Each structure stands twice: as C-alpha cells, then as structure tokens.
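Reviewing the structure listed below.
The values are calculated or read from the model by the stated rules, or taken from the named source; none is laboratory data. Quantities reported herein were computed from a predicted structural model and do not represent experimental measurements. Cβ: placed from backbone, ideal geometry, glycine included. Neighbour counts: every protein chain shown.
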Amino acid sequence: MFQYTLNKLRVVFNNAFRVLLNEPRWCSASRLFTRYKIPSFSAVIRKNSCSLCKYCHNILVQTFYCLTYACYRLFLTVGATVF
C-alpha cells in the first residue's frame, strides 16, 4: 500500500514539473530533471528523510544532555546535604 501511494505521488510530482516547465506529457522525467537541474522525486525524499533523522537525533542528544545535567545538579544537591 505504501509503495503504491509513493508511486502515485512520484507521478504527480513529475507531471507537475512538466506543466510548470511547459514540457509535453510524454517527455522523459529524468531528462526533464537533468536538463533544468532540478532534484528528482527520489532525491527530495532522500534529503527530507535525512533531515528528519538529523532533527530526531538532535532532539535525542539535547534530551540526553538535559537529563544528564539535571541528574548532575540533583547529585550535587543531595551529595552536599549528605556529607
């Protein structure tokens, strides 16, 4: 199901660029993207998925640092009262 939907979205992506660039419907999509130096649908998907992975990684790292700092501050507070 996902592959079918992705394929339909790719066809719409290619057809939209054909309309925007006044190219006939039968022209090759790969030729269209290389001629006008436009990233293809798969390149856009790769770039966006990589950006999403980097964003999620940064959130996890920031969360880890915040938790580590909070635990460190708690340890200093508790450690100072015990000793």
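Data table
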| read-out | value |
| --- | --- |
| Checking Leu32 against (1) surrounded by 10 or more Cβ atoms within 10 Å (Cβ to Cβ); (2) in a helix (DSSP H, G or I); (3) at pLDDT 90 or above, the condition it does not meet | (3) |
| Residue among Asn14, Asn48 that alone is of a type in the set (S, T, N, Q), assigned to a helix (DSSP H, G or I) and surrounded by 11 or more Cβ atoms within 10 Å (Cβ to Cβ) | Asn14 |
| Every pair of residues 6+ apart whose Cβ atoms lie under 8 Å, when the first sits in segment 1-13 and is closer than 15 Å to Ser30 by Cα while the second is of a type outside the set (Val, Ile, Thr) | Arg10/Phe41; Arg10/Ser42; Phe13/Phe41 |
